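The values are calculated or read from the model by the stated rules, or taken from the named source; none is laboratory data. Keep in mind it's a predicted model, so treat the numbers as computed, not measured. Please note: Cβ atoms are built from the backbone with ideal geometry, for glycine as well, and neighbour counts cover all protein chains shown. Remember, those area values only see protein heavy atoms, side chains included, never the ligands or the DNA or RNA. Shrake-Rupley method; radii C 1.70, N 1.55, O 1.52, S 1.80 Å.
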Amino acid sequence: MQNIFPEIIRINIPFIFILIIIFVSAGLSYFLYRQTNPESRSRLKYTLAIFRIITLVCLILLFFNPKLFFSYTEQVPRNVSVFTDISSSMGLITESENRPDSIRIASESLGRILNDQNLAVNNYYFSQEIYQDSPDSLNNYQGLTNYNNVFKIIAEQKPDQVVIISDGIRTDGPYPQSGNDAVVFSIGIGKTKPEPDFFIQDVDYKPVVYQGKEQQISVKIANTNTQPADARLILFSGQKVLASKTLKFEQENSEQEISFNYKLNTVGVNKLTLKLNSEQYDQNSKNNSYVYTQEVVKNKLRVGLFSAFPDYEHKFLNFVLQQSENIEVYSYLNIKNKIKENFSVDSLDIMIFNGFPGRFTDQQFLNRISSSIRQNGQSLIVLLNEYTNKQKLMIFKDYIPVQDITEKGMASNGQPLFSQKHDLNPILRLFENDKNNQQFWDAVPPISIYFSLDRLKNDADVLLHVPVPGGIDPILALSSEKSANKSILLNGSGFWRWHFLLSDQNEIKEGYKKLIQNFVRWASGKRKYKPVILEVTRNTVNPGHEITLEGMLYDAQNEIIKNGQMLMNAISGSQQFTLDMSLDSNGIFHGSYRPSAEGTIIFNATGMLENKEIGNDKKTVEVVPYDREFIRTLQDTVFLKKIAHQTGGKYYSLKTLDQIAAELETQPRINAVSEEFDLRYKSWLLFLIIVVIAFEWILRKKNNLV
């Protein structure tokens, strides 16, 4: 609330100077109107003189840039940010508790208290993400629980006080660090005393496995506050039972670790379910099952890493490739004709040349590699650096996206930049979070360039470049996907630093690894071109997670169509619905969908050109539940009390919630407000001058004064 009248009014022109202007204007006006022709009454002279004084004072002041300064004090209500947990565990309903009802009661009671105290309230709802002013979210409990995002919002918005309504169960993100001046009050939801519960605590499995190969998973089972009982653990693939075991629980609280061996024969994403059945009463059945997915591939991808010298590039490439479950790496190191390791090049799926071929690389060996690429259609990834021999590399010019290269007299250094709009290319999308993706590309160290790419092939696609005087140096180029052999050309040395120098930045330290894996994934694609291509970011998501869709249309020459349409239909169980796909300037269609429940979703894309169907493509996404939210459902009072006490706040249960009214700071803050008015730009001043001049002219005209 702001005071009506200002406490201080100031002007930037000294008061004595204003008095001088007034006296000078009065003297000049008196001189002009001391005699008139014809002679006028004294009252008329004084009136005309006053009008002239006002006009002269206003006009003279305008030459000195007059400004008025007003100072007020205002009372600002204390603001409170209320964060309500809407993660999956907050939707728990059992025989002994109903958390949605508890949240409703807590929200209504807190709302009345805050309203009575005349506090400014901002409402937020959070799980893995944060939503503002969305009461409908209280009917839809989904997602894991990330408190770190809550404290990020607190740091950004800087509220006076914070109230968190939650069960305190943390299932996502690092441990939150407050580091804020705001006082935090926590309101606990959920039971605090354990009841009989059998549950699946954790499952250790490989996300990628091989068709028909026996594998093992490890399952941790636990029980709390139970009587001696037997239970059966069953592993399902769809409706088929893959394995089962009978477990004995003889202690009131215990843990067991069980292993299963099984085989999967269906290539693609397989959804598997673990179920724990017990005859004894179990207060929480939601943690008796665990759903996970495994991608089944035919066999490992065989990648050959060829290096002319044992440099850091070779070391780090080998390191990240070895970390991938579905890649088998074969290393060839050539030092003055001394071969560290040899293997059959015909058996490889992808070849990576790191500074290869070099000066001492055997010509017959290169001919054998070239023949293998020609006969087997193997993909090629080439890193040009100081060890690359140009003449020997040109043996492979038919398989790389460049016609010729020129060795520079001196290496140049530069920061990689996106070429045109190729930051949209999936190869360069290393993180689901756009902010992390941009952070990585802004942080990558410069690279050293030893070659100029003189003539790129017409169908080559440049994704990254380095600006140089008079132009650019391409540093990442792809062959056309319609080429018989897919190839990637990296022009530069020092890419390994992208891993080494960023390894201490947790959010982006995996960027180099993801980039190399994207190269291999792209190079391994053997699919034939289709008129309609549909891609999804992930083939397995949780309820509430966004699925991002991208689609492209191609003509008979495999050129992208930019004036077509893409119709998107989706099937989830018995439901069918359509999605809007927006087209960008690059001819890429974009869409998204956020599933609300577990199940299988089939996305069907239909390409249209001039109202005619040109083709179809489809993708399947498995939506699996948040098992982690229900492993332990007791309210974590220790955590809720800690985040409150470390800021000077308090913890309240649902029963003691009314006591929060006595602890809230309700006295409004007194803020000093200063306002500045530049009189030169005020329309009322111009209006005053015009009115005064007009009245003076009317009076002079009426009395026949010249």
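Which of the trypsin sites (Lys or Arg not before Pro) found in the range 522-603 are in a DSSP loop and have at most 11 neighbouring Cβ atoms, other than their own, within 10 Å? Those that pass, being in a loop and sparsely packed, are LYS526, ARG527, LYS528.
Dipole magnitude for the chain: about 2100 debye, using +1 per Lys or Arg Cβ and -1 per Asp or Glu Cβ, origin at the Cα centre.
In sequence order, the range 668-678 has phi-based couplings of x, 7, 9, 10, 8, 10, 10, 10, 10, 10, 8 Hz under the Karplus curve 6.51 cos²θ - 1.76 cosθ + 1.60, θ = phi - 60°, and Gly or Pro positions carry x. Within the assembled protein chains, the solvent-accessible surface assigned to ARG632 is about 120 Å², based on a 1.4 Å probe.
Think of the chain as a dipole: +1 on every Lys or Arg Cβ, -1 on every Asp or Glu Cβ, centred on the Cα centre; then among LEU490, LEU348, VAL203, LEU490 lies furthest on the positive end. Would you mind checking the pairs LYS435/LYS514; LYS206/LYS619; LYS263/LYS298; LYS213/LYS271; LYS240/LYS263 and listing those with alpha carbons more than 21 angstrom apart? Going by Cα-Cα distance, LYS206/LYS619 fall outside the 21 Å limit. In the range 12-151, taking the dipole from charged Cβ atoms about the Cα centre, the farthest positive-side position among PHE15, GLN132, VAL150 is held by PHE15. Here r is the Cβ-Cβ distance between GLN177 and ARG104 and R0 is 30 Å; the resulting FRET efficiency, rounded to 0.05, is 0.45.
Between LYS275 and LYS213, the contour length at 0.36 nm per residue exceeds the Cα-Cα span by 20.0 nm. To make sure I understand the rule: partners must be lysines, Cα under 22 Å from the Cα of LYS392, and not fewer than 8 residues away in the same chain. Which ones qualify? By straight Cα distance, LYS392 reaches LYS336, LYS338, LYS340, LYS408, LYS457, LYS486.
In this rough spin-label picture, where each label sits 7 Å from Cα along the Cβ direction, the LYS397-THR600 distance is 5.1 nm. Modelled this way, with points 7 Å down the Cα-to-C-beta line, the labels at LYS220 and ASP442 are 3.8 nm from one another.
Amide H to amide H distances under 5 Å link SER331 with LEU305, where only residues 5 or more positions off or on other chains count and H is placed in the peptide plane. Toward the positive end of the charge dipole of the chain, about the Cα centre and with charges on Cβ (Lys, Arg +1; Asp, Glu -1), which of THR537, PHE306, THR224 goes farthest? Of the candidates, PHE306 comes out farthest on the positive side. Quick one: grab the alpha carbon gyration tensor of the range 567-706, order the square roots of its eigenvalues as a ≥ b ≥ c, and give me rounded if a/c is under 1.5, else prolate or oblate depending on whether a/b is larger than b/c. Oblate, because a/c is 1.5 or more while a/b does not exceed b/c.
For ILE221, the residues 5 or more places off, or on other chains, whose built amide H falls under 5 Å of its own are GLN201, GLN256, GLU257, ILE258. Across the chain, C-alpha contacts under 8 Å between residues 6 or more apart give a mean separation that, scaled by the residue count, equals a relative contact order of 15 percent. Filter LYS152/LYS650; LYS220/LYS650; LYS245/LYS618; LYS193/LYS642 down to the pairs with a C-alpha to C-alpha distance above 29 Å, please. In this structure, LYS220/LYS650; LYS245/LYS618 exceed 29 Å between Cα atoms. Proximity of backbone amide H atoms, modeled 1.01 Å from N, is registered between LEU264 and GLY212, LYS213 at under 5 Å, excluding neighbours fewer than 5 places apart on the same chain. For ARG374 and ASN433, a Förster radius of 30 Å and the Cβ-Cβ distance give a FRET efficiency of 0.10, rounded to the nearest 0.05. Over the range 493-616, Cα pairs under 8 Å with separation of 6+ residues give a relative contact order of 23 percent. Dividing the summed -39500 (n - 2.57) terms of all DSSP H runs of n ≥ 4 by the residue count of the chain sets its mean residue ellipticity at 222 nm at -7000 deg cm²/dmol.
Segment ILE693..TYR681, full-extension length gain: 2.4 nm, with 0.36 nm per residue of separation and the alpha-carbon distance subtracted. For Cα Rg over 2.2 N^0.38 Å, the choices are (i) 0.98; (ii) 1.14; (iii) 1.39; which was calculated from the structure? Calculated Cα Rg over 2.2 N^0.38 Å: the matching label is (iii). Subtracting the Cα-Cα distance of ASN704 and PHE360 from their residue separation scaled by 0.36 nm leaves 112.8 nm. Taking the Cα centre of the range 215-308 as origin and assigning +1 to Lys and Arg Cβ atoms and -1 to Asp and Glu Cβ atoms, the resulting dipole is close to 720 debye. With a Förster radius of 30 Å applied to the C-beta separation of ASP555 and HIS590, the computed FRET efficiency comes to 0.90.
Ranked by solvent-accessible area (1.4 Å probe, protein heavy atoms only, all chains present), the residues VAL303, VAL269 order from largest to smallest as VAL269, VAL303.
Placing pseudo-labels 7 Å out from each Cα toward the beta carbon at ASN671 and ILE20 gives an inter-label distance of 4.0 nm.
Projection of the Cα convex hull of the range 482-523, averaged over all directions and equal to a quarter of that hull's surface, yields 3.6 nm². Shown in residue order for the range 323-330 are the 3J(HN,Hα) couplings computed by the Karplus curve 6.51 cos²θ - 1.76 cosθ + 1.60 at θ = phi - 60°: 7, 7, 5, 9, 10, 10, 9, 10 Hz (x for Gly and Pro). For the range 73-78, 3J(HN,Hα) computed residue by residue from phi via the Karplus equation (6.51, -1.76, 1.60; θ = phi - 60°) reads 10, 10, 9, 10, x, 4 Hz, glycine and proline entered as x. Helices assigned as whole DSSP H runs in the chain whose Cα atoms extend at least 24 Å along their own long axis and whose mean Kyte-Doolittle hydropathy is 1.6 or higher are found at 15-33, 42-62.
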